[in-house]
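These notes concern the structure reproduced below.
The values are calculated or read from the model by the stated rules, or taken from the named source; none is laboratory data. No experiment lies behind these values; they were computed from the predicted model shown. Counting neighbours? That spans all protein chains shown, and the Cβs are built from the backbone with ideal geometry, glycine included. Note: accessible area is taken over every heavy atom of the protein model, side chains too, but ligands, DNA and RNA are not part of it. Shrake-Rupley method; radii C 1.70, N 1.55, O 1.52, S 1.80 Å.
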Amino acid sequence: QVQLVESGGGLVQPGGSLRLSCAASGITFSIYAMGWYRQAPGKQRDLVAAITSAGSTNYADSVKGRFTISRDNAKNTVYLQMNSLKPEDTAVYYCNAKQYILNYWGKGALVTVSS
């Protein structure tokens, strides 16, 4: 059974930092492309950052220079370091694992940026 479990969400003030983690089980983690998506209330789910099995990364323009995605294959975990957070970063953040037609999602972690 495939499980992706996000952790690290919460409430943070503007300008603050959070690190999200996603622990994967039930898949051969190292061969999967991993990604973080987010969905704000009333909006569609959008890609925030992704990392391939080889370690190549890409980011949404809105988070470039502020967010960093990384992976630890030994721990079957992908991370999203979020710095200089803005109120518009408030959303539920979802972990995604993808390989060819296989596509798995976590249940999401809420990040709220507010003073």
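Shown for the chain: the carbon plus sulfur share of the solvent-accessible area, taken with all protein chains present and a 1.4 angstrom probe, equals 49%. Partner lysines whose Cα lies under 21 Å from the Cα of Lys107, excluding those fewer than 8 positions away in the same chain, are identified as Lys43, Lys75, Lys98.
For Ala74 paired with Asp46, estimate the spin-label separation in nm (one decimal), with each label point 7 Å from Cα along the Cα-to-Cβ line. The two pseudo-label positions are separated by 3.6 nm. Its Cα centre serving as origin, the chain has a Cβ charge dipole (Lys and Arg +1, Asp and Glu -1) of approximately 40 debye. Taking every protein chain into account, the 1.4 Å probe leaves Trp105 with about 100 Å² of accessible area, to the nearest ten. Taking R0 as 41 Å, what FRET efficiency do you get between Asn58 and Gln1 from their Cβ-Cβ distance, rounded to the nearest 0.05? With a Förster radius of 41 Å, E is 0.90. Exposed loop sites are taken as trypsin sites (Lys or Arg not before Pro) in a DSSP loop (any state but H, G, I, E or B) with at most 14 other beta carbon atoms within 10 Å; the longest stretch of the chain without one runs 1-42.
I need the calculated FRET efficiency for the pair Ile101 and Gln13, taking r as the beta carbon distance and R₀ as 35 Å, to the nearest 0.05. Calculated value: 0.25.
Springs join every pair of Cα atoms under 10 Å in this Gaussian network model of the chain, and among Ala50, Ala97, Ala60 the largest mean-square fluctuation is at Ala60.
Structural descriptor for the chain: relative contact order 36 percent, calculated from alpha carbon pairs under 8 angstrom and at least 6 residues apart. Length gained on full extension, Ser30 to Lys86: 17.0 nm, using 0.36 nm per residue less the C-alpha separation.
Taking a Cβ cut-off of under 15 Å around Val2, the surrounding Lys, Arg, Asp and Glu residues balance to a net charge of +1, with basic ones at +1 and acidic ones at -1.
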